[in-house]
Amino acid sequence: MRTETAAHELLTSLDVVQGAMDRMTPSSIGELLSSRLKSKMALQVFLVQLEGRCSRLRNEAPSQAVVCLSLDQKVSALGLLVNTHVTKWSPTAISADLDGYRAAVGNLFHAIRTVVIEAKSLPS
């Protein structure tokens, strides 16, 4: 799978999570949890593709090493953010504070989109 395809699938999965979150009621948390898991898997696929792309670029176009280093730093920070998010926002915590969860998801999705946008600046 190409990085662009993985990025598209990731962004689509984020939209699905957003929709599930917008429709969520205490009895429909399963939809949110399912979409959240799928988005986490899409993120993992995207990050693997991105690492492969940066690895190739470091060898073929050393001038891109700076962009890849910046992405590496953002991906490391994103990994910590995702781990913290998933650990903190259990189903019980989500149900207890949906507004707080929505805010946390907004911050997380912003960080993910920032990485995707920067990845799109890399040459094919």
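Observations on the structure shown:
- Angle between the chain longest axis and helix 65-88 axis [Cα atoms, degrees, rounded to 10]: 20
- If you plug the beta carbon distance of residue 28 and residue 63 into 1/(1 + (r/R0)^6) with R0 = 35 Å, you get a FRET efficiency near 0.10.
- Looking at the stretch 1-82, none of the GluC sites (Glu not before Pro) sits in a DSSP loop with at most 15 other Cβ atoms within 10 Å of its own Cβ.
- In whole angstrom, the chain maps to an equivalent ellipsoid with semi-axes of 31, 14, 10, each derived as √(5λ) from the alpha carbon gyration tensor and ordered largest first.
- Near residue 81: Cβ cut-off under 13 Å, other residues only, Lys/Arg at +1 and Asp/Glu at -1. The net charge is +4.
- Ignoring lysines fewer than eight residues from residue 120 along the same chain, the ones with Cα atoms less than 20 angstrom from its Cα are 40, 74.
- Each Lys and Arg contributes +1 and each Asp and Glu -1, all at the Cβ; summed about the Cα centre of the chain, the dipole is approximately 160 debye.
- With a Förster radius of 41 Å applied to the beta-carbon distance between residue 93 and residue 70, the computed FRET efficiency rounds to 0.80.
FYI, it's all coordinate maths here, none of it is from the lab. Given the structure is predicted, the values throughout are model-derived calculations rather than measurements. Here Cβ is always computed from backbone atoms with ideal geometry, including for glycine, and neighbour counts include all displayed protein chains.
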